[in-house]
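As structure tokens, the structure follows; a few thoughts come after it.
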Amino acid sequence: MTEPTVEPTQNTHTGTGSDANETGITHVLIGVDDSGSMYRLRDDVRGGFNQFLDEQAAQPNAGRIRVTAVLFASTVRLLCIGARVGNVPRLDRENYVPAGNTALYDAVGTLIDSFEAENTLADGDRVLLVVQTDGRENSSREYVATDIQQKIADRERTGRWVTVYLGAGPSAWFGGEALGMRSVNTTADPQGTRSVYGAVSQAATTYSSGVGAAETFSVLETAAGDGSSSVGIGGPAVRQ
């Protein structure tokens, strides 16, 4: 497979994995929908993402959090790889301007492959992968659904990865089911959009404290969901 279409932003930062004296690193991998349908919610996405960074920076264990993030529309833009919270570029009117289609598969594939190219999990390290979108796949060129299904299943089986799909509306929600990811149905409005990033922050804090996948997903579901969710890991999704 050829390298995915990745357009690094001007302020792309790259980490070097876990420091030798910092055990139990929690890696938060975030895919942020940058497609045209998000344009009306652009201020809420910027504010929500930046609030997530602020909240994580204020945590006592902020030094043990690393962030890898992509913005995805018709193509995928890499924001940072394995960066400390304080080094993650904040979203603003220059680097987050929604337009284009939804390369969902390329976004997830790029998140995983870019992260693993630069980071090796040490003992105690874990990964929380979250994708936020309000639309369906319609633009990927480098990955197909089966590629992503296999990547998700392989990593979930290690017990060190939790993957969650935050979809706004039924059409987006079923996209997560198809990939075998835990899915939470969110609302595509200003309050719902901001709550998504607050939920990701809560989940990151919870997961980094050492709790398991089920508890971490419950935090996301409660904080971001509209009451409907699904779990689809390594096989057909089952509605909860």
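Miscellaneous remarks
One line per residue, one yes/no per condition, for (1) surrounded by fewer than 16 Cβ atoms within 10 Å (Cβ to Cβ); (2) modelled with pLDDT under 90:
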position	(1), (2)
Tyr165	no, no
Ala168	no, yes
Ser171	yes, yes
Asn185	no, yes
Tyr197	no, no
Ala203	no, no
Thr206	no, no
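- Selection from the stretch 160-210 of residues that are of a type in the set (Phe, Trp, Tyr) and closer than 21 Å to Leu104 by Cα: Trp161, Tyr165, Trp173, Phe174, Tyr197
- Some residue of the stretch 93-115 being under 24 Å from Asn61 (Cα atoms), hydrophobic (A, V, I, L, M, F, W, C), surrounded by 18 or more Cβ atoms within 10 Å (Cβ to Cβ) and more than 13 Å from the chain's Cα centre (by Cα): no
- So Glu177, is it out of contact with any His (no Cβ under 9 Å at 6 or more places or on another chain), of a type outside the set (Val, Ile, Thr) and over 27 Å from Arg40 (Cα atoms): no
- Of the helices (runs of 4 or more DSSP H) lying entirely inside the stretch 87-206, those containing at least 2 residues that are farther than 18 Å from Arg77 by Cβ are 145-156, 170-178.
- Residues of the stretch 130-177 classified as over 15 Å from the mean Cα position of the chain (by Cα), within 27 Å of Thr26 (Cβ to Cβ) and of a type in the set (A, V, I, L, M, F, W, C), total: 1
- Screening Leu166, Leu78, Leu104 for residues that are within 22 Å of Pro190 (Cβ to Cβ), touching a residue at least 12 places away in the same chain (Cβ under 8 Å) and in contact with a helix residue (DSSP H, G or I) (Cβ under 8 Å, 6 or more places away or on another chain) leaves exactly one candidate, Leu166.
- Whichever residue in the stretch 23-71 is acidic (Asp, Glu) and touching a Pro at 6+ places or on another chain (Cβ under 6 Å) and, among such residues, is nearest to Thr205 (Cα to Cα): Asp44
- Of all residues in the stretch 79-92, those that are within 13 Å of the chain's Cα centre (by Cα) and within 17 Å of Thr133 (Cβ to Cβ) total 1.
- Top-ranked residue in the stretch 14-39 [being more than 18 Å from the chain's Cα centre (by Cα) and at pLDDT 95 or above; ranked as surrounded by the fewest Cβ atoms within 10 Å (Cβ to Cβ)]: Tyr39
The values are calculated or read from the model by the stated rules, or taken from the named source; none is laboratory data. Remember, predicted model here, so these are calculated numbers, not experimental data. Glycine also receives a Cβ, built like all others from the backbone with ideal geometry; neighbour counts cover every protein chain displayed.
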